[in-house]
Structure formats: structure tokens, C-alpha cells
Amino acid sequence: MTTRTSLRGAKSAGRQKKRPAAAERRQQETASPAEFPKKALRAFLVTLAIGAGLILLASLGAYFMPDPDPMIRPLAYAAAALTALLGGFAAGKLHGSAPAVCGLVNGLLLLALMLLLSLFFRSHASGYPAWASALLHAAVLALSFAGALLGVRRRR
């Protein structure tokens, strides 16, 4: 009888140990509103690092082509799209409780930076009509949002 009681006690003690760990994990995922700007800034800095790496890879790819001129724009757009997608993915992973909001904030910050840089480098701007440029900029926001949702997707 004592062995059954001790086994039950050990099993219930094992269950009790798991419960606080899960509760702690849920509490960490549910961040306070004061932590949101910190996590959003961290996600944006990760996005900038990803973008710098992708621009470097695109530059190296163009450098080793015999005639890089026709490939510069497609490589730049691919780097921007991948930056938005992977940056949103990182934002979703870093901010577990509200990934959609963090993905949108990350996309808006990336979009604001791109628009700010286009003011200083006006001669190198896209050259597309206004509607096409607006669609390209909206795609950055949508890709960041989609990346954030993909970043927290869990297998069932």
C-alpha cells in the first residue's frame, strides 16, 4: 500500500512541476503593453540586419554577372520582399503574444524607412508610375504581416 501511495504522490508531484513551467511560459508570452515597443524595436533591428545581409548577397550576385545592369532592379525588389517577409517572421517569433500587430508595426517601420531613403536618393527611385509604386510599398506591409503570422504558426 505504501508503494502505491508513494507512486501516486510522485506522479502528482511530477504533474505539479510541469504546471508552473507552462504557466510561466504563458506569462512570458503575454507581455505587458510597456514591453511592446522594446520588442518591436528589437524585431526591427533584426529586420535591418536581415536586409543588410540580403543586400550584400544581391550585390555579390550582381557583381559576378557579365552584365549586371538588367538584374539590379529585380535583385533589389527580391531583397526588399525577402527582407519584409523574413523580418515579419522574426517579429512574430520575438513577439509571441501579438504577432500580427508586431508584424504590421515592423512593416510600417520598414516602409517608413524605405520612403525616407527614397527622399534622399530620388534619382535612384523606382521610376514606376505612382499606382505601381504604391502597390510595391503595400506588398512590403503585406509580406511583413504574412511573415509574422507564419512565424508563430505551430504544428498541431
Given C-alpha coordinates of the range 35-151, what is the ratio Rg to Rh with the Kirkwood estimate of Rh? 1.01
For a bin width of 10 Å, list the pair-distance distribution of the range 80-143 built from all Cα-Cα distances, rounded to whole %. 23, 48, 23, 7, 0
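What FRET efficiency comes out for the pair Leu119/Tyr63, r = Cβ-Cβ distance, R0 = 35 Å, nearest 0.05? Walk me through the intermediate numbers first.
Values: r = 27 Å, r/R0 = 0.78.
For Leu119 and Tyr63, the calculated efficiency is 0.80.
Once you list every other residue whose beta carbon is under 13 Å from the beta carbon of Ala90, what net charge do they have if Lys and Arg are +1 and Asp and Glu are -1? Provide the component values of the computation, followed by the final result.
Numbers: positive: Lys39, Arg42, Lys93; negative: none.
Here the count lands on +3.
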Given labels modelled 7 Å from the Cα in the Cβ direction, how far is it in nm from Leu41 to Leu135? 3.8 nm
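Report the full-extension gain for the segment Arg73 to Leu108: residue separation times 0.36 nm, less the Cα-Cα distance, to one decimal in nm. Please list the in-between numbers first.
Numbers: separation 35, 0.36 × 35 = 12.60 nm, distance 2.22 nm.
Here the segment from Arg73 to Leu108 would lengthen by 10.4 nm.
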In debye to the nearest 20, the charge dipole size for the range 65-156, taken about the Cα centre with +1 at each Lys and Arg Cβ and -1 at each Asp and Glu Cβ, equals 560 debye
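Within 10 Å of each candidate Cβ there may be at most 15 other Cβ atoms; applying that plus a DSSP loop requirement, which chymotrypsin sites (Phe, Trp or Tyr not before Pro) in the range 73-150 survive?
Values: sites: Tyr77, Phe89, Phe120, Phe121, Trp131, Phe145; in loops: Phe121.
Counting only loop positions with at most 15 other Cβ atoms within 10 Å, the chymotrypsin sites (Phe, Trp or Tyr not before Pro) in the range 73-150 are Phe121.
Apply 1/(1 + (r/R0)^6) to the Cβ-Cβ distance of Leu56 and Ala100, taking R0 = 30 Å, and write down the FRET efficiency to the nearest 0.05. Provide the component values of the computation, followed by the final result.
Numbers: r = 30 Å, r/R0 = 0.99.
Between Leu56 and Ala100 the formula returns 0.50.
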Can you order the peptides 56-66, 36-46 by their average number of other Cβ atoms within 10 Å per residue, highest first? 36-46, 56-66
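Hull surface divided by four, with the convex hull built on the Cα atoms of the range 37-77: how many nm²?
Computed as one quarter of the Cα hull surface, the answer is 2.9 nm².
Here, each number is a calculation from the coordinates, and none is a lab measurement. Remember, it's a predicted structure, so these values are computed and weren't measured experimentally. As a convention, Cβ positions derive from the backbone with ideal geometry for all residues, glycine included, and neighbour counts pool all protein chains shown.
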